[in-house]
Amino acid sequence: MRRLAIIFAGGSGVRMGSAIPKQFLELDGKPVLAHTLELFERHPCIDGIYLVVNADYVEQAPDFARKWGVSKLCGVTAGGASAQESIYNGLKHAAAHEPGDSIVLLHDGVRPYVTPEVITANVEAVEMYGSAITYTPCYETIVLSKDGAAIDAIPYRRESYTAQAPQSFRLGDILAAHERIRARPEGYADMVDQATICFTLGIPVHLVPGNRGNLKITTPEDIVTLEALLKWRDGNG
């Protein structure tokens, strides 16, 4: 049975206000994406890595991987018009080369601080339960509002969590879920991640505790935070 990481790195950097896509911004001496790939390259549970990038970077990606010591790269494919389209492209590409019962860990290329223990827990949860959604508890109050002005609901904090990545499944199972969502008239509308897709389809998922600091780089402040976390990790390793 194969255990794979599918890394999505197709962002354009618009919200960062940068001309350079955020996955290629420098973080502690090397590109963000290099940090993320290294986590899965070094992990003994991961047999192979598939990478999804902007179409303009497909030809450069293998050289990028080699430059940063990634030997587990199995394939590169172009992303789509949206995040879920890109994930679907990555799943289809992996499915063309890998068995359907392979374990796939779906991870953002701009989440360079997930711990090895969380990666292991994802693999073990898929082996036991068929899925793994990484989460952390919410330490602030969650407010639900349809119009952004009035509060519609406030869930209890003890019941509130943040879904992160990896989000992990059997390859054939999550690809089938995508096919079902794509067949709906509304398609991927409001489907922000695999947890949402599964919940919408009534597919049970298993939660796995994640690590604090497993940020998805979205704003310049996130780069500053992760610089500090990496220096702290390296100084306390």
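Bear in mind that the values in this text are calculations on the coordinates, not laboratory data. Predicted, not measured: the structure shown is a model, and the values here were computed from it. All Cβ positions, glycine included, derive from the backbone under ideal geometry; neighbour counts span all protein chains shown.
Partner lysines whose Cα lies under 16 Å from the Cα of Lys30, excluding those fewer than 8 positions away in the same chain, are identified as Lys22, Lys67, Lys231. Extending 7 Å from the Cα toward the beta-carbon at both Asp152 and Ala176 defines two label points whose distance is 3.2 nm. Among Phe199, Phe8, Phe24, sorting on how many other beta-carbon atoms sit within 10 Å of each Cβ, with the fewest leading, yields Phe199, Phe24, Phe8.
Binning all Cα-Cα separations of segment 16-66 at 10 Å, short to long from zero, yields these whole-percent fractions: 21, 54, 23, 2. Relative to the current alpha-carbon distance between Phe199 and Ala81, full extension at 0.36 nm per residue lengthens the span by 40.2 nm.
Annotation: peptides 74-81, 36-43, ranked by per-residue average of other Cβ atoms within 10 Å with the highest first, follow the order 36-43, 74-81.
Rg and Dmax of segment 1-128, based on Cα coordinates, read 13.9, 43 Å. Distance between the 7 Å Cα→Cβ label points at Tyr129 and Trp68: 3.0 nm.
The distance between label points at Arg212 and Asn54 comes to 3.4 nm (points 7 Å beyond Cα on the Cα→Cβ vector). Extension gain for the segment Lys231 to Ala95, taken as residue separation times 0.36 nm less the Cα-Cα distance, is 45.2 nm to one decimal.
Spatial offset of segment 133-148 relative to segment 155-215 amounts to 15 Å, using the alpha carbon center of each. Of the GluC sites (Glu not before Pro) in segment 173-237, the ones in a loop by DSSP (not H, G, I, E or B) with at most 10 other beta carbons within 10 Å are Glu186. When the inverse distances between all different Cα atoms of the chain are averaged and flipped, the Kirkwood radius reads 18.4 angstrom. Applying both filters, DSSP loop and at most 12 other Cβ atoms within 10 Å, to the chymotrypsin sites (Phe, Trp or Tyr not before Pro) of segment 149-189 gives Tyr156. If only the Cβ of Lys and Arg carry +1 and only the Cβ of Asp and Glu carry -1, the dipole of the chain around its Cα centre is close to 140 debye. Counted over segment 74-152 with a bin width of 5 Å, the fraction of Cα pairs per bin, in whole percents, is 3, 11, 15, 16, 19, 14, 10, 7, 4, 1. Determine the shape class of segment 128-184: with a ≥ b ≥ c the square roots of the Cα gyration tensor eigenvalues, call it rounded for a/c under 1.5, and otherwise prolate if a/b is greater than b/c, oblate otherwise. Oblate, because a/c is 1.5 or more while a/b does not exceed b/c.
Springs join every pair of Cα atoms under 10 Å in this Gaussian network model of the chain, and among Ile174, Ile87, Ile154 the largest mean-square fluctuation is at Ile154.
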